[in-house]
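**Student:** One structure, as structure tokens, below. Some questions next.
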Amino acid sequence: MPTECISDLFGFASVERRRVEASFAGGSISSNAGGLLLGAADRAIRLVDRFAECFRDSRRSGLVEHEVRTLVGQRVFGLALGYEDLVDHDWLRHDPVMAVLVGKLAARRRECAPAAGKSTLNRLELSRSEPTRYHKIGHDPAAIESLLVDLFLEAHAEAPEEIVLDLDATDDLIHGNQEGRFFHGYYGGYCYLPLYVFCGRHLLAAKLRRSNIDGSAGAVEEVGRIVGQIRTRWPEVPIVLRADAGFAREALMAWCEENRVDYLFGLARNARLVEEIAEELAEAAVESAITCAPARRFKDFMWTTLDSWSCRRRVVGKAEHTQGEANPRFVVTSLTRAECKARYLYEKVYCARGDMENRIKECQLDLYADRTSTATMRANQLRLWFAAMAYVLLCALRRIGLPHTPFAKATCGTIRLKLLKIGALVRVSVRRIKVAMASACPAAHAWGCAATRLAAANARASPA
């Protein structure tokens with residue numbers, strides 16, 4: 001006869017002569033109560049509704065339990081709440097807060113839950129551009145890409161003085177036999193090489209690519225699409241393209257010069273470039289030896305390659321001596337000396353691009369953008385877009401609800417940990433859904449401020 005291992009009540013060591021007992025009889029409790037802020041942020045920018053409009057549903061409506069909006073919202077909210085795997089949704093579909101977020105408290109069928117399980121969500125992720133017999137939901141890649149830029153434009157009440165677009169490629173390591181699998185020598189593993197485009201904290205593009213390509217491959221097309229969409233709304237706003245040396249390519253620089261877009265790219269050093277700043281390097285070495293501290297000089301000059309560039313371009317060289325050795329660095333730019341002096345150009349404008357790497361880390365580490373483990377690149381690209389939308393949603397929460405709070409500049413992971421993962425008892429009655437959160441929550445004040453601001457934003461956005 002099998003042994004009964006689970007009891008209704010569990011006892012633990014006494015505290016001040018009081019027995020400590022635990023049971024799973026608390027009722028409808030969720031650890032995601034803070035996620036209600038996500039729902040408010042979504043209503044403020046209508047992300048889920050507009051993202052769902054990028055999908056085409058060919059299922060028979062009378063047999064559908066979970067609408068596309070429910071599926072899309074569930075996946076985006078799940079990623080924002082920290083659930084990276086579809087298998088998590090087999091129990092998350094019963095979570096009362098998730099039911100509130102997707103706007104569906106009860107299923108029509110007795111055997112179903114309010115939200116979808118892993119199998120239904122898996123069919124969504126495997127959808128094709130056009131619906132097929134076995135994949136009834138299709139998605140429009142162009143519409144999804146356009147939506148990311150639209151959300152960026154709408155985040156500004158008026159045109160900014162200048163737009164700086166940061167480009168970067170990063171590794172997305174893969175561990176199976178996914179389509180497009182190639183070994184990358186620099187990263188030392190099989191990976192994809194996605195291309196990201198940010199403007200500050202705003203994500204404008206997340207393009208999945210094979211890794212057997214140059215880091216700048218496809219950049220002209222992505223930048224052309226994004227710039228064209230921006231200029232449709234703000235035709236006169238100056239735009240600057242900023243990236244590391246992997247993007248200092250003739251095709252991209254020539255496109256910028258032809259389309260009134262300035263650029264500032266790192267430039268890979270070589271013997272000719274180093275020779276150009278030899279005098280400045282020597283001066284920096286002398287100063288460093290005297291002061292026992294790093295020393296640097298800057299030189300501004302016109303330069304061209306032997307055969308790959310079509311014209312001479314402005315280059316700024318940093319002649320630095322640090323830790324007993326030379327450390328020369330170079331950038332190439334279309335910005336003139338009158339617009340930006342050499343030292344300021346390098347130290348304040350170019351070096352600021354390093355913050356983009358923090359944004360990529362947020363996408364990959366906090367929102368699982370590198371969870372590209374399905375068989376096809378098409379499905380993995382869709383996964384990347386789901387993670388991108390979760391990032392945009394958390395950015396909207398931070399931008400609208402969290403100014404002047406301790407979380408105004410917090411990462412997505414910190415916002416999730418402090419403001420979203422809050423335990424609560426959920427009571428559903430005929431007239432209301434009451435979510436009683438933990439009284440000891442240390443971020444209760446910031447949470448309340450965010451809820452109030454988001455409610456005000458939604459009230460302003462609602463038609464009179």
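**Student:** Run lengths n ≥ 4 of DSSP H only: what is the helix-derived mean residue ellipticity at 222 nm for the chain, with -39500 (n - 2.57) per run over all residues, to the nearest 500?
**Tutor:** Only helices count here, giving -10000 deg cm²/dmol.
**Student:** Still on this structure, I have one more. Across the chain, how many lysine pairs separated by 8 or more positions, or lying on different chains, have Cα atoms within less than 15 Å?
**Tutor:** Number of lysine pairs found: 6.
**Student:** Let me ask you something else. Any idea how far the Cα center of region 380-408 sits from the one of region 106-174, in Å?
**Tutor:** 14
**Student:** Continuing with the same structure: Could you give each residue of region 92-105 its phi-based ³J(HN,Hα) in whole Hz, using Karplus coefficients 6.51, -1.76, 1.60 with θ = phi - 60°, and x for Gly or Pro?
**Tutor:** Along region 92-105, the couplings run 5, 5, 9, 5, x, 6, 4, 4, 5, 5, 8, x, 8, 8 Hz.
**Student:** Just to confirm a number: summing +1 for Lys and Arg and -1 for Asp and Glu over residues other than I45 whose beta-carbon lies under 11 angstrom from that of I45, what do you get?
**Tutor:** That sum, taken over residues with Cβ under 11 Å, equals 0.
**Student:** Of the accessible area of region 1-96, with the probe set at 1.4 angstrom, what percent is carbon plus sulfur?
**Tutor:** Heavy-atom surface of region 1-96 belonging to carbon and sulfur, 1.4 Å probe: 53 percent.
**Student:** Then there's this: Dividing the Cα convex hull volume of region 253-339 by residue count, how many Å³ per residue is that?
**Tutor:** It comes to 99 Å³ per residue, whole-number rounded.
**Student:** Report, as a whole number in µm² per second, the diffusion coefficient that Stokes-Einstein gives for region 41-182 at 20 °C and 1.002 mPa s using the Kirkwood radius over alpha carbon pairs.
**Tutor:** Reported coefficient: 124 µm²/s.
**Student:** Find, among the trypsin sites (Lys or Arg not before Pro) in region 376-439, those assigned to loop by DSSP (not H, G, I, E, B) with at most 10 other beta-carbon atoms within 10 angstrom.
**Tutor:** R431, R432
**Student:** Obtain the radius of gyration and the Kirkwood radius of region 140-196 from its C-alpha atoms and give Rg over Rh.
**Tutor:** With Rg and the Kirkwood Rh in hand, the quotient comes to 1.15.
**Student:** Related question: Would you please report the Å³ per residue occupied by the convex hull of the alpha carbon atoms in the chain?
**Tutor:** Hull volume normalised by residue count: 248 Å³.
**Student:** Using the Kirkwood radius over Cα pairs, work out the Stokes-Einstein diffusion coefficient for region 193-327 at 25 °C and 0.890 mPa s, in µm²/s as a whole number.
**Tutor:** After rounding, the answer is 142 µm²/s.
**Student:** When ranked by the protection proxy of mean other Cβ atoms within 10 Å per residue, highest first, what sequence do the peptides 259-270, 93-104, 150-161 form?
**Tutor:** Ranking the peptides 259-270, 93-104, 150-161 by packing returns 93-104, 259-270, 150-161.
The values are calculated or read from the model by the stated rules, or taken from the named source; none is laboratory data. These figures come from a predicted structure and were not determined experimentally. As a convention, Cβ positions derive from the backbone with ideal geometry for all residues, glycine included, and neighbour counts pool all protein chains shown. The accessibility values were calculated without ligands, DNA or RNA, using every heavy atom of the protein model including side chains. Shrake-Rupley method; radii C 1.70, N 1.55, O 1.52, S 1.80 Å.
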